[in-house]
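Quick notes on the structure that follows.
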Amino acid sequence: MSGFINVLLVIVGIIMIVLILLQPGKSAGLSGAISGGAEQLFGKQKARGVEYILHRGTIVAAVVFFILAFLSAYFL
């Protein structure tokens, strides 16, 4: 059981890395760092389409990763 969970943990970790690397950057340069916070607070939801799917997929993969990590420690 422990080996199966560890294999799943590695697979989900690789999937999570790929999903994070596929996401576009939020801002570019110093000007984006200054105005990025205000845009995020007062702007409408910018994530649509593929960006939204990548964002939700990353969240799901992270939750599954942490659950598998806890299970791996429990069965060790």
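Quick notes on this structure:
- Scanning region 10-19 for residues that are β-branched (Val, Ile, Thr), surrounded by 14 or more Cβ atoms within 10 Å (Cβ to Cβ) and within 10 Å of the chain's Cα centre (by Cα) yields a total of 1.
- In region 55-76, the residues that are in contact (Cβ under 8 Å) with a residue 12 or more places away in the chain form Cβ pairs under 7 Å with partners that are loosely packed, with under 13 Cβ neighbours inside 10 Å and of a type outside the set (Ser, Thr, Tyr), at six or more places apart or across chains, as follows: Phe75/Met1.
Every read-out reported here was derived from the displayed coordinates using simple, explicitly stated rules and does not represent laboratory data. This one's a predicted model, so the numbers in the text were calculated from it and none came from an experiment. Methodologically, a virtual Cβ is constructed for each residue, glycine included, from the backbone with ideal geometry; neighbour enumeration extends over all protein chains shown.
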